[in-house]
Amino acid sequence: MKKSIKKIVSLTKRKGFVFPSSMIYGGFSSTYDFGPRGVMLKNKLKDSWWKEMTRRQSDVVGLDSSIIMNPDIWRASGHLSKGFADKLSECKECHKRFKDLEEDGESIKKCPECGGKLMEPRDFNLMMKTFVGPVESEAATAYLRAETCQGIFVNFKNVMDSMRVDLPFGIAQIGKSFRNEITPGNFIFRMREFEQMEMQWFCKQKEADDFFEKWLKRRFEWYERMGIDMSKLRKNEIGEKERAHYAQRQVDIEYEFPFGWGEIEGIHNRGDWDLSNHSEHGEEDFSVDGDYPWVIETSVGVERCFLAFLVDSYDELEEGRSSDADKKETVLRLHRKLSPTQVAVFPLIKKEEDLVKKAEKIFDDLKVDFDAIYDETGSIGKRYRRQDEVGTPLCVTVDFDSLEDDSVTLRERDSMDQIRVDIDDLKNVVDQFLKGADFHSLGEKV
Ligand code: ATP
């Protein structure tokens, strides 16, 4: 089975995970909307990261800072100067801009699109501009944040003072970032509006190397725990020349996508770059005991992570595996903590009122605590396949025996095994399973 982005794009659109944005107006510049299943998966991904970074670590606290901040922040951080710019040549005719255009080591002078004359390359900043207030003047210019972490740095002292934390400690944040990428693409891999999950760890300079290793290791452990195929994950130590302007050391965590290896997360040693610059340009001194803390950062893109988990869990079975399967089946083998829907409930036969009533009651009860769905159309085999395709790990079937003995059949997605469970115990069983219990230990095999 060959995985391709085309297959993922088709599945995610068909099943309500991801839609190209502004579709009825012809789309809009590599932006995407996340549909009902997409937002559920995204939320679970963010929830898992948040718990991993803040709950498991007693010394990491959270923050939600604003997207539009004082532009001086971006001057101090280096984003408005050389640090966050690409060299681009603009066409005099069609005004399109192009990156790195060379042929045989020579710069190309003609526009590859319209043949017009290209101007000399100049810096093009990736930060998105906007105006704050009623006047569109230079003085009113502000920027949409290009990374969430600057909001963390400028709140360093607020957090320290209000939370009574001391070095070493971390601040975690999830939120939107914007970059006017020159060449967005590969579906949701590179977009102009995306979400980041970032954690800044503040420590003494002499501890920075050790903490770098520690966080790198922890981040790998998270991917492993969330069920990703570890042979598809690698570390890429970034050389000095390619590193971001602030980085003392940078290791990218890369996933092998169908289009090749791509960065999903960066672990950075930012030194004292940010805190010292904000101390110099802002009105607060961020030094602690006379020195600026050093920062180890873990920074992951929600959508890139989302794509990696989707690609990783995508599976196709050529033969079909249900008795009435007539064509290729798709199964999303998502980790049970990530599946958009956790449990589906079916009455065996739609026309049997007693079965329907009982199934509806079970569904009403389950949906209070879980992401549950009810489905009564089509054969049971078809309904299983429908859920397999969107990654639902458990399906409950109410059959004629259920009317007699108040038990139901619970079927697990990956093994397709079935167990019999008392209705009274069903919530507990689903809960145990989602917490990681072995399916077969939860009931008698049918
Ligand atoms: P790239 O080299 O691919 O442009 P980067 O090194 O600039 O990425 P960072 O600044 O380290 O990325 O951002 C941290 C994380 O944010 C990345 O690992 C990625 O997951 C995510 N990210 C960055 N840019 C984008 C984008 N344009 N679209 C989606 N996610 C992004």
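The values are calculated or read from the model by the stated rules, or taken from the named source; none is laboratory data. For clarity, every value in this text was computed on a predicted model and none was experimentally measured. Note that each Cβ is placed from the backbone with ideal geometry, even for glycine, and that neighbours are counted across all protein chains shown.
Each row is one residue, and each column tells you yes or no for (1) surrounded by fewer than 15 Cβ atoms within 10 Å (Cβ to Cβ); (2) within 21 Å of ASP285 (Cα to Cα); (3) modelled with pLDDT of 95 or more.
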| residue | (1), (2), (3) |
| --- | --- |
| CYS111 | no, no, no |
| LYS117 | yes, no, no |
| GLU136 | yes, no, no |
| TYR143 | no, no, yes |
| ASN158 | yes, yes, yes |
| ASN180 | no, no, no |
| GLU195 | no, no, yes |
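Each row is one residue, and each column tells you yes or no for (1) among the hydrophobic types (A, V, I, L, M, F, W, C); (2) over 24 Å from the mean Cα position of the chain (by Cα).
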position	(1), (2)
ARG192	no, no
GLN196	no, no
PHE220	yes, no
GLY227	no, no
GLY239	no, yes
GLY260	no, no
GLY266	no, no
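Assigned by TED's automatic domain parsing to the domain that holds ASP59, within 14 Å of the ligand (Cβ to nearest atom), without any contact (Cβ under 8 Å) to a residue 40 or more places away in the chain and of a type in the set (D, E, K, R), is that true of LYS235? Yes: the conditions hold for LYS235. Going through (1) out of contact with any helix residue (DSSP H, G or I) (no Cβ under 7 Å at 6 or more places or on another chain); (2) modelled with pLDDT of 95 or more; (3) within 14 Å of the ligand (Cβ to nearest atom) one by one, GLN173 falls short only on (1). Inspect all residues belonging to the range 422-444 and state whether any of them is over 30 Å from the mean Cα position of the chain (by Cα), surrounded by fewer than 15 Cβ atoms within 10 Å (Cβ to Cβ) and in a strand (DSSP E or B). Yes, the conditions are met somewhere in the range 422-444.
Among the candidates ASN125, ASN155, which residue alone is closer than 30 Å to ASP209 by Cβ and within 27 Å of the chain's Cα centre (by Cα)? Sole residue among the options that is closer than 30 Å to ASP209 by Cβ and within 27 Å of the chain's Cα centre (by Cα): ASN155. I'd like to know if the range 153-165 contains one or more residues that are closer than 20 Å to TYR246 by Cβ, assigned to a helix (DSSP H, G or I) and within 16 Å of the ligand (Cβ to nearest atom). Yes, the conditions are met somewhere in the range 153-165. When ASN70, ASN43 are checked against the criterion of being more than 23 Å from MET128 (Cα to Cα) and either in contact with a Leu (Cβ under 8 Å, 6 or more places away or on another chain) or not hydrophobic (A, V, I, L, M, F, W, C) (or both), ASN43 stands alone in meeting it. Of ALA76, ALA85, all but one fail to be farther than 26 Å from VAL159 by Cα and surrounded by 13 or more Cβ atoms within 10 Å (Cβ to Cβ); the exception is ALA85.
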